[in-house]
Amino acid sequence: MEKNISFTLKVWRQRGPKEKGAFKEYKMQDIPTDTSFLEMLDILNEQLVNKGEEPVVFDHDCREGICGMCSLYVNGHPHGPSTGATTCQLYMRKFKDGDVITVEPWRSAGFPVIRDLMVDRGAYDKIMQAGGYVSINTGGVPDGNAIPISKEKADLAMDAASCIGCGACVAACKNGSAMLFVSAKVSQLALLPQGQVEAARRAKAMLAKMDELGFGNCTNTRACEAECPKCISISNIARLNREFISAKFKD
Amino acid sequence: MWLINSSIGRKLVMSVSGLGLILFLTFHMAMNAVALFSGEGYNMVCEFLGANWYALVATVGLAALVVIHIVYAFILQIQNRRARGSERYAVTAKPKGVEWASQNMLVLGIIVILGLALHLVHFWSKMQLTEIVGGHEALVYQGLAIAPTNGAALIAINFSNPLTVAIYVIWLAAIWFHLSHGFWSALHTIGWNGKNWIKRLEVISNVYTTIIVIGFIAVPLLFLAQSLIDSNFVLEYVKNTL
Ligand code: HEM
Ligand code: SF4
Ligand code: FES
């Protein structure tokens, strides 16, 4: 049921990558509970602009859970308290009247803050460029349909492919590890015949890039899996481990 | 070297050294269990191992595993802290499905080393070390010389002290927590994958770990109980082993 709530927002404000940031409090009055979290931030920004203050900078694009841009850490959870949802899919009905809502950027050496709540997730693009593609000729759509793939494999590959590269896994991880993302991107191809050809090279190149960019060592705490908006399973991490270790033993 | 330079390589070293230590704990527990039934039987095991060449080789291998595991634990911890960046979150919440042990492996490991140090003083220094340096007695108890291979007597003497037993229980609890995460995690690290297998591995590891830890804890508890019930128990027991 729709109603209005009032609450306090504590938002991380930081003018630039090198500058010191701090929390700033904003009182929000009478926000309808069917407002989305990002719409609520839009309301805040409109108020700030009207007052002549700088609006809060945050990343967003599709606002329907597919682009992975809305990287906000809300009340101790990447993408906020909802499970299996991105920040743009979070609604104010998840909060109560009088709440204090703390909004922070992803905190990880691999994702430096650009401004306020916006971080540079370019490291993920670099990892993809290192090998997250198929470079052999796989033919056209009819060729794809002519290759038999078991339902089980197809489902696993599809699940892995649902990763939107949002970076919540790194944000949630006490080790700042990007293994859930890398393993999903390796698995979505390694499980299919078209991707298998280059599987070993891909696993080695993407992992080497991840290490080079300063992400941490995975210790299987499973925080990533619990916070991932697409519920990517850590069994992908075991698959990446296996791909990588067997590739290294073959060398 | 990929075992040092890549994150999965480092994890593999952690995993294999940890699994090696679990294998050792399994044998150690099985031997201790003999002491629950027969001091004589236990001393036969002690004599068989003692400071014979195969026991020495195994000890050196074991020490190497422990050192590798600890050195890598600290390397990983330092790298992971750095990867986390300099700013910390103001608000953190533990997501469901995250085990407490998995986030505190280093602290648990440090408790394990402290317990281990005490344990080496209690037993190893009195037994194998004494034999290596050519000593003939582990210690003298109420005028009775105890031989370095008389493990049963050392058990009875050490575990008549409630404080010692309490420390051993805490130590073994830390090992239980360490392995409740470490065991399945190690199998996951070497690439044992599958959505159903994660659950199965967790169950198998928890049951296995619980059996090992109960097997270990039984010895100090049994001997403490006996010494509390009968104040002559330790002396009688020690005399019987001579
Ligand atoms: C009884 C002795 C020990 C056994 C059987 C043992 C076993 C294990 C196992 C099986 C793992 C999991 C490895 C993996 O996830 O791949 C592990 C992880 C770990 N151990 Fe131990 N360990 C022992 C002692 C220690 C000690 C003395 C320390 C010292 C500080 C330590 C620190 C760690 C840390 C920090 C991890 C987590 C690292 C990671 O998962 O990457 N352990 N241990
Ligand atoms: S694995 Fe999940 S949390 Fe990590 S980038 Fe992909 S969608 Fe985001
Ligand atoms: S804005 Fe695209 S996923 Fe949230």
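If I go through region A:94-119 residue by residue, how many of them are surrounded by fewer than 14 Cβ atoms within 10 Å (Cβ to Cβ) and more than 11 Å from every other protein chain (Cβ to nearest Cβ)? Adding up the residues that qualify gives 3. Considering the conditions (1) away from chain B (no Cβ under 13 Å); (2) open to solvent by 10 Å² or more (accessible area, probe 1.4 Å); (3) under 28 Å from A:ASP61 (Cβ atoms), A:CYS224 is excluded by exactly one of them, (1). Show the residue pairs that are 6+ apart or on different chains and have beta-carbon atoms under 9 Å apart, the first residue being within region B:89-104 and without any contact (Cβ under 8 Å) to a residue 40 or more places away in the chain, the second being in a loop (DSSP other than H, G, I, E, B) and among the hydroxyl-bearing types (Ser, Thr, Tyr). Cβ pairs passing all conditions: B:PRO95/A:THR83; B:LYS96/A:THR83; B:VAL98/A:THR221; B:GLN103/A:THR219; B:GLN103/A:THR221.
Counting only strands (runs of 3 or more DSSP E) that sit completely within region A:1-117, those holding 2 or more residues that are within 21 Å of A:CYS231 (Cα to Cα) correspond to A:72-74. Considering region B:1-26, the residues that are at pLDDT below 95 and of a type outside the set (S, T, N, Q) include one that is nearest to ligand 3 (Cβ to nearest atom), namely B:TRP2. Only one of the listed residues (A:ARG63, A:ARG121) is under 30 Å from A:ALA200 (Cα atoms) and at pLDDT 95 or above. That residue is A:ARG121.
Number of residues in region A:142-181 that are within 16 Å of ligand 2 (Cβ to nearest atom), within 14 Å of chain B (Cβ to nearest Cβ) and of a type outside the set (A, V, I, L, M) equals 9. Where helices (runs of 4 or more DSSP H) sit wholly within region B:153-242, those with at least 3 residues that are open to solvent by 40 Å² or more (accessible area, probe 1.4 Å), more than 14 Å from every other protein chain (Cβ to nearest Cβ) and at pLDDT 95 or above occupy B:162-189, B:195-229. Scanning region A:207-221 for residues that are without any contact (Cβ under 8 Å) to a residue 12 or more places away in the chain and within 7 Å of another protein chain (Cβ to nearest Cβ) gives a single hit, A:ASP211.
Residue by residue, here is whether (1) away from ligand 2 (no atom under 16 Å from the Cβ); (2) of a type in the set (Lys, Arg); (3) open to solvent by less than 40 Å² (accessible area, probe 1.4 Å) holds:
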{"position": "B:PHE74", "(1), (2), (3)": "yes, no, no"}
{"position": "B:GLY97", "(1), (2), (3)": "no, no, no"}
{"position": "B:LEU118", "(1), (2), (3)": "yes, no, no"}
{"position": "B:SER125", "(1), (2), (3)": "yes, no, yes"}
{"position": "B:ILE146", "(1), (2), (3)": "yes, no, yes"}
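When each of A:LEU180, A:LEU213, A:LEU156 is tested for being under 18 Å from A:ALA123 (Cα atoms) and open to solvent by 40 Å² or more (accessible area, probe 1.4 Å), the lone residue that passes is A:LEU213.
One line per residue, one yes/no per condition, for (1) open to solvent by less than 30 Å² (accessible area, probe 1.4 Å); (2) closer than 22 Å to B:TRP184 by Cα; (3) within 17 Å of the chain's Cα centre (by Cα):
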site: A:LYS151; (1), (2), (3): no, no, no
site: A:ALA161; (1), (2), (3): no, no, yes
site: A:LYS185; (1), (2), (3): yes, no, yes
site: A:LYS209; (1), (2), (3): no, no, no
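Looking only at region A:163-185, which residues are more than 16 Å from ligand 1 (Cβ to nearest atom) and either among the basic types (Lys, Arg) or within 16 Å of A:ALA226 (Cβ to Cβ) (or both)? Scanning region A:163-185 gives A:CYS163, A:CYS166, A:GLY167, A:ALA168, A:CYS169, A:VAL170, A:ALA171, A:ALA172, A:PHE181, A:ALA184, A:LYS185. One residue stands out in region B:71-90 among those that are part of a helix (DSSP H, G or I) and over 19 Å from A:ALA123 (Cβ atoms): the one that is nearest to the other protein chains (Cβ to nearest Cβ), namely B:LEU76. Does A:SER235 satisfy the condition of being open to solvent by less than 10 Å² (accessible area, probe 1.4 Å), closer than 27 Å to A:LYS151 by Cα and without any contact (Cβ under 8 Å) to a residue 24 or more places away in the chain? It is true that A:SER235 is open to solvent by less than 10 Å² (accessible area, probe 1.4 Å), closer than 27 Å to A:LYS151 by Cα and without any contact (Cβ under 8 Å) to a residue 24 or more places away in the chain. Among the residues making up region A:171-195, those that are more than 16 Å from ligand 3 (Cβ to nearest atom), touching a residue at least 60 places away in the same chain (Cβ under 8 Å) and in contact with a Phe, Trp or Tyr (Cβ under 7 Å, 6 or more places away or on another chain) are A:GLY176, A:ALA178. Within region A:2-24, the set of residues being touching a Ser or Thr at 6+ places or on another chain (Cβ under 9 Å), under 24 Å from A:MET69 (Cα atoms) and open to solvent by 10 Å² or more (accessible area, probe 1.4 Å) comprises A:LYS10, A:TRP12, A:PHE23.
Selection of region B:1-60 for residues being hydroxyl-bearing (Ser, Thr, Tyr), in a helix (DSSP H, G or I) and within 16 Å of ligand 1 (Cβ to nearest atom) yields B:SER7, B:SER15, B:SER17, B:THR26, B:THR59.
The values are calculated or read from the model by the stated rules, or taken from the named source; none is laboratory data. These numbers come from a predicted model, not from an experiment. Counting neighbours? That spans all protein chains shown, and the Cβs are built from the backbone with ideal geometry, glycine included. These accessible areas exclude ligands, DNA and RNA; they are computed on the full protein's heavy atoms, side chains included. Shrake-Rupley method; radii C 1.70, N 1.55, O 1.52, S 1.80 Å.
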